[in-house]
Amino acid sequence: MDKIVIHGGERLEGEVQVSGSKNAALPILISSLLTDGWNTFHNVPDLVDIRTIKKLLKSLGVKIEEGETLRINAGEIGSCEASYDLVKTMRASILVLGPLVARMGMARVSLPGGCAIGARPVNLHIKALEDMGAEINLKDGYIEAKASRLKGATVYFDIPTVTGTENIMMAACLAKGTTLLENAAREPEIMNLADVLNDMGAKISGAGTNVIRIDGVDELHPVEATVIPDRIEAGTFMIAAGMTGGDVRITGCDSGYLDALIAKLRDTGMDISTIDGGIRAVGGEKIRSVDIKTLPYPGFPTDLQAQMMAFMTIGGGLSVITEAVFENRFMHVSELMRMGADIVIEGNNAVVKGVPKLKGAPVMATDLRASASLILAGLAAEGSTELSRVYHIDRGYQKIEEKLSSLGANIKRVKR
């Protein structure tokens, strides 16, 4: 199994290009299930999760042509079953449920897996489809859904759910009548998906707000579309600049999607500015500790909580980090403490007391964003850090060691 080795203490400087967003690409690729013909998608990142969703689509009979762009044809769907072997590694696989029921009238989808960062129940997806007239059965670890044609309904989500909003928004495109999604998630990735669906001929309004309206149509047509840049990758590089006292230009990203992070980084003493086509992040002379509370968008992203915690381990005071989106998302804490961090967990709060210096150590990734936090810690640490279980980082960051190396980091992947 590969590992990543980091020799810390190098200042990051230069320019790095952000890849396409994993969290936007996954539902956009799945949306091809709603069409008959060749869809063309640009800026799709080369990640393990993307390869997994392509395998899943192929298992359904979907044709895929790969190159600089990705072309997908779901004209002949030969199966409506997403098996456990394919779904178990990635929770986003549940997104095939809505499109399959909407277009094919049936679906059999395994209950999903993914990162072990707490319960992310699919009951909101199931209830919404039932509200739209689907017959749902849970049997042998699978969700079985049937509907001759889904009907428009008013769906209220108890909590804003990104995959729930995406799943039901896709399903509602081919439903009869109007569907209203209330308390919908507002993430930029949902707006990207809605734009793609509208280009396919859907009638969606309100994406990016907490009420989304979908007027069902009889059919959708193929499109050519582009995946938005990955705001979480951009945020990770911004934090890396702060932790190393660096000066990094992050191109191909939209600063407007990172307002909550930018505000906090400025509070730490960093200089964050908008440049042509991206963001410039410059580390401050001293790192001021700040408090963080994760919230659904446009609040502080839970997907940047672990990275920000790594930053605060070398802050000049006390920081309280509150995880209000997922439980069990503090599994990186014990690994950061192996590197000399001073962190105390109190319920869903982590109290972080900054230390003068982290020390390199062997550490183990527990999930995708924890992997990123440990790499950042290694960049700022004294000595050598070895990160194992790097398959987690490969799920969401394209060639991260190469990008960091181009900025001056002493980092390499060691094959085993």
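Only the coordinates and a few stated rules stand behind these numbers; no lab work does. Keep in mind that this is a model prediction, so the values were computed, not measured. Don't worry about glycine lacking a Cβ; one is built from the backbone with ideal geometry, like all the others, and counts go over all protein chains shown.
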Original post:
Of the GluC sites (Glu not before Pro) in region 199-278, which ones lie in a loop per DSSP and count no more than 15 other C-beta atoms within 10 Å?
Top reply: E219
Original post:
What is the distance, in nm, between label points placed 7 Å from the Cα along the Cα-to-Cβ direction at A263 and at T251?
Top reply: 3.1 nm
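For R149 and K412 in the same chain, what is the full-extension length gain: residue separation times 0.36 nm, less their Cα-Cα distance, in nm?
Values: separation 263, 0.36 × 263 = 94.68 nm, distance 5.22 nm.
Gain on stretching R149 to K412: 89.5 nm.
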Original post:
Which number comes out as Rg/Rh for region 323-391 once both Rg and the Kirkwood Rh are worked out on C-alpha atoms?
Top reply: 0.96
Subject >> Whole-Hz ³J(HN,Hα) from phi, Karplus 6.51 cos²θ - 1.76 cosθ + 1.60, for region 137-152, glycine and proline x >> reply: 10, 9, 9, 6, x, 10, 9, 10, 10, 9, 6, 4, 7, 5, 10, x
Subject >> Segment L318-D271, extension gain: residue separation times 0.36 nm, minus the distance between their alpha carbons >> reply: 14.8 nm
**OP:** Hand me the tally of lysine pairs in region 22-226: alpha carbons under 14 angstrom apart, and the pair either on different chains or 8 or more positions apart.
**Re:** 8
Original post:
What is the extension gain from T40 to S83, computed as 0.36 nm multiplied by their sequence separation minus the C-alpha to C-alpha distance, in nm to one decimal?
Top reply: 12.9 nm
Subject >> Placed amide H near V211: partners under 5 Å, 5+ positions off or other chain >> reply: A184
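Counting each DSSP H run of 4 or more residues in the chain as -39500 (n - 2.57), what helix-only mean residue ellipticity at 222 nm follows after dividing by all residues, to the nearest 500 deg cm²/dmol?
Working: 14 runs with 126 residues, N = 416.
The helix contribution divided over the chain gives -8500 deg cm²/dmol.
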**OP:** Compute the FRET efficiency between E135 and M1 as 1/(1 + (r/R0)^6), taking r as their Cβ-Cβ distance and R0 = 51 Å, and round to the nearest 0.05.
**Re:** 0.70
Original post:
Can you list residues whose amide H is under 5 Å from G246's amide H, if they're 5+ apart or on another chain and H is modeled 1.01 Å from N?
Top reply: L12, G283
Original post:
So in the chain, what percent of DSSP beta bridges are antiparallel if you round to the nearest 5?
Top reply: 70 percent
**OP:** Show the residues, 5+ positions off or on another chain, whose built amide H is closer than 5 Å to the amide H of Y297.
**Re:** R186
Subject >> Kirkwood hydrodynamic radius (C-alpha pairs) into Stokes-Einstein, region 113-206, 25 °C and 0.890 mPa s, D in µm²/s >> reply: 175 µm²/s
Original post:
If you wrap a convex hull around the Cα atoms of region 22-226, how much volume per residue is inside, in Å³?
Top reply: 101 Å³
Subject >> Distribution of pairwise C-alpha distances over the chain, 20 Å bins, in % >> reply: 28, 55, 17, 0
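What is the Cα convex hull volume of region 255-344 when expressed per residue in Å³?
Numbers: hull volume 8.7 nm³, N = 90.
Cα-based convex hull of region 255-344, divided per residue, equals 97 Å³.
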Original post:
Rounded to the nearest 5, what is the percent of antiparallel bridges among the DSSP beta bridges in region 22-226?
Top reply: 70 percent
